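The values are calculated or read from the model by the stated rules, or taken from the named source; none is laboratory data. These numbers come from a predicted model, not from an experiment. Using ideal geometry, Cβ is built from the backbone for each residue, glycine included, and neighbour counts are taken over all protein chains shown. Accessible surface is based on the protein model in full, side chains and every heavy atom, while ligands, DNA and RNA are left aside. Shrake-Rupley method; radii C 1.70, N 1.55, O 1.52, S 1.80 Å.
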Amino acid sequence: MGNLFCCVQVDQSTVAIKERFGKFDGVLEPGCHCLPWVVGSRLSGHLSLRLQQLDVRCETKTKDNVFVNVVASIQYCALADKARDAFYKLSNTRTQIQSYVFDVIRATVPKLNLDDAFEQKNEIAKAVEDELEKAMSAYGYEIVQTLIVDIEPDKHVKRAMNEINAAARLRVAANEKAEAEKILQIKRAEGEAEAKYLAGLGIARQRQAIVDGLRDSVLDFSESVPGTTAKDIMDMVLVTQYFDTMKEIGAASKSSAVFIPHGPGAVRDVASQIRDGLLQASTHTSN
């Protein structure tokens, strides 16, 4: 009915191309327009001014001979003031953009190693965008943004990269574990050395206390009982300690009976044996 009454409607974010007898006659903005078909005017087509996106998947090879699939997303739109060029100069805009993307990616990625390609995604995208901007501006299109959304190597290469990464992490973990064990051994050795040192100090203080106690006992006994010699006092102290030790052995042992010599002669023999043992120990120590 619109064509019958010579009226056409152009939607928002769209322009229409008007021709007269097959020749470009102007661009129609959004709204309602009158096209008198009786004088040869007609609507040739519509051109969208909305932002469009094209995803391009390109297979190429890196400098270290790894085949990768690079996925680029191109966001573009037609320019209203260049609608004539955008409508007439290109028959297939998406194919044209795809060809330029292939050309730039296959010229840029082969100069980079695989790791560098991942790190320089922005540089690759900038190179594609600059080339497209120069080429497509002549056809009435604006390149809004170019993104490298994915760089996907062959699955065998990905597996090898993951194994290399895992091996490196295991090596670091092994080094850290070995260092931790080394520190534990050092600390354990330091603790044992400190414990032995403190034990030695304790034994030395114990012996010093025993010597001081014996000396005080001999002095007190000599003052309380006149006429006694130091040898007599030491014999008595040694015998007393001997019986105290035997008492403790009997209390701590699982046996119900302990047989020891009895009688005055036996006590004198015990004192002599203890004294002889002490003297022999002193002799061996001095030698």
Under 6 Å by Cβ, and 6 or more places apart or on different chains, what pairs join a residue from segment 94-120 that is among the small types (Gly, Ala, Ser) with one that is modelled with pLDDT under 90 and open to solvent by 50 Å² or more (accessible area, probe 1.4 Å)?
none
Being part of a strand (DSSP E or B) and open to solvent by less than 90 Å² (accessible area, probe 1.4 Å), is that true of even one residue in segment 158-178?
no
Quick check on Gln52: is it modelled with pLDDT of 90 or more and open to solvent by less than 50 Å² (accessible area, probe 1.4 Å)?
no
Test Glu181 against the criterion of being free of Cβ contacts under 8 Å to residues at least 12 places away in the same chain, open to solvent by 100 Å² or more (accessible area, probe 1.4 Å) and either in contact with a helix residue (DSSP H, G or I) (Cβ under 8 Å, 6 or more places away or on another chain) or of a type in the set (Asp, Glu) (or both), and give yes or no.
no
Asp11: touching a His at 6+ places or on another chain (Cβ under 9 Å), closer than 30 Å to Thr146 by Cβ and surrounded by fewer than 17 Cβ atoms within 10 Å (Cβ to Cβ), yes or no?
yes
Counting only residues that are out of contact with any Leu (no Cβ under 8 Å at 6 or more places or on another chain) and farther than 30 Å from Ala86 by Cα, how many does segment 134-160 have?
8
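Please specify each residue of segment 21-41 satisfying the condition of being farther than 20 Å from Ser91 by Cβ and surrounded by fewer than 16 Cβ atoms within 10 Å (Cβ to Cβ).
Initially, segment 21-41 is screened for residues farther than 20 Å from Ser91 by Cβ, giving 21, 25-26, 28-41.
Across segment 21-41, the qualifying residues are Phe21, Gly26, Glu29, Pro30, Gly31, Cys32, Cys34, Pro36, Trp37, Val38, Val39, Gly40.
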Within segment 64-76, take every residue that is among the β-branched types (Val, Ile, Thr) and assigned to a strand (DSSP E or B) and give me the one that is surrounded by the fewest Cβ atoms within 10 Å (Cβ to Cβ).
Val71
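Given the structure, is Lys23 basic (Lys, Arg) and free of Cβ contacts under 8 Å to residues at least 40 places away in the same chain? Working first, answer last.
On the way: basic (Lys, Arg): yes; free of Cβ contacts under 8 Å to residues at least 40 places away in the same chain: yes.
When the stated conditions are applied, Lys23 passes them.
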